[in-house]
Structure formats: C-alpha cells, structure tokens
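Structure, as structure tokens:
Taken together, the values in this text are just the output of simple stated rules run on the coordinates, not laboratory data. Predicted model only: the values in this text are computed from it and were never measured. A quick note on method: Cβ atoms are made from the backbone with ideal geometry, for glycine too, and the neighbour counts reach across all protein chains shown.
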Amino acid sequence: MSIHMHLRAVAESAIRDDHTWLAAFMSEAWDNHPDEYGAGIAVSIDKVWHAVNDLYAAADVLDADAAQPWELPIYGGRPVAHSADADPSDPPLGILEPPGVSQAAGFLARVPFDGLWNVAGAGLVRSGGDEEQVRQEFLDHHRRLQGFYGRAAASGHAVVRAVWA
C-alpha cells in the first residue's frame, strides 16, 4: 500500500477554509504533482514522514531553548475539519499559515542535519538496514523540505497538507 504526505504551497488568499473544496484542490494538485514538484511548489514524503518528524524532534537535544519549531515542517498548522457534506474518504487536511511557514523555513535553514542525525539516526535505521543509505534518504528529505519551505516563505505562501492512501 502506498501512502504519502503531500505538501503544497499556495497563496493564503487562494485557500478556502472548507474541507470539501480543499480536498478537491489537493486532489488536483496531486494529479499534477510531477509538474508542481518541478516548479518547487509541492513536495511529498512516502510512508516515513513520522520518522522525519522524529529526526526533527532531535532538535530538542541540540537546542533546549527551542520553542519546538521542529513540529512545523511535518505536523505544523491546524487541521481542517470535515464538513457535513464532505466525502468520508477525503484525506486528512491541514493548513500552515504564512507565519508558521516562515518559522518552519527558518528552523530548517538553521538546524544542522548532521547534529540531528547524530542524535536520532540510530533509532531511524531499521533492523538490518544500511545506515548510509537510510542517512542519505533522510538527508534528501531534509534538503527537499528546506528548499520547499524556503521558497514558500519567500513567496509569503501558506502550506496545505494532505495524506493520501
């Protein structure tokens, strides 16, 4: 089974705070994901986004004074509640507003990947896994998220999140 967390940058003024509308918007964005990914306005993480969040949680060890901005890149924002007429099969959705996007971008720009990996990496390598391959996978996710959130923040955009199964 394939499951993805899909993140899409969009002008906040273009978002309707309506689950049915937003699910349709994100479905269309998912259908256009290769083009949107190429344009730098979308990114997705397959299956391991919980582990990417665990990697970022290691920031608590690196900076005890941090106000937990490590939660923003993966689970930041607020959930969008299903409306009465929403299709029950619609994905869970969330919106991270522009100030949160800027915080997430700032966190990702300043957090040292090697420091995070030194704290959390051993717990992310599955039994029998190749540590260097897993490290590279997480570094790739980190770099994609850095670029995505950096561009979204520079544009003043919000980020919409959907989980597709």
## Note on the structure
Taking the stretch 102-147 and keeping only residues that are within 19 Å of Ile41 (Cβ to Cβ), among the aliphatic types (A, V, I, L, M) and surrounded by 12 or more Cβ atoms within 10 Å (Cβ to Cβ), one is left with Ala104, Ala105, Leu108, Leu145
## Note on the structure
When the stretch 5-19 is checked residue by residue, the ones that are outside any loop (DSSP other than H, G, I, E, B), out of contact with any Ser or Thr (no Cβ under 8 Å at 6 or more places or on another chain) and farther than 9 Å from Val160 by Cβ are Glu12, Ser13, Ala14
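Assigned to a loop (DSSP other than H, G, I, E, B), under 30 Å from Trp117 (Cβ atoms) and polar (S, T, N, Q): which single residue out of Ser2, Ser89 fits that description?
Ser2
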### Query
Looking only at the stretch 66-99, which residues are within 19 Å of the chain's Cα centre (by Cα), closer than 14 Å to Phe25 by Cβ and aliphatic (A, V, I, L, M)?
Val80, Leu93, Ile95
### Task
Among what's in the stretch 100-129 and is under 16 Å from the mean Cα position of the chain (by Cα) and of a type in the set (Val, Ile, Thr), pick the residue that is nearest to Asp140 (Cα to Cα).
Val111
### Query
Which of (1) in contact with a Ser or Thr (Cβ under 6 Å, 6 or more places away or on another chain); (2) more than 25 Å from Ala158 (Cβ to Cβ); (3) not aliphatic (A, V, I, L, M) does Ser83 not meet, given it meets every other one?
(2)
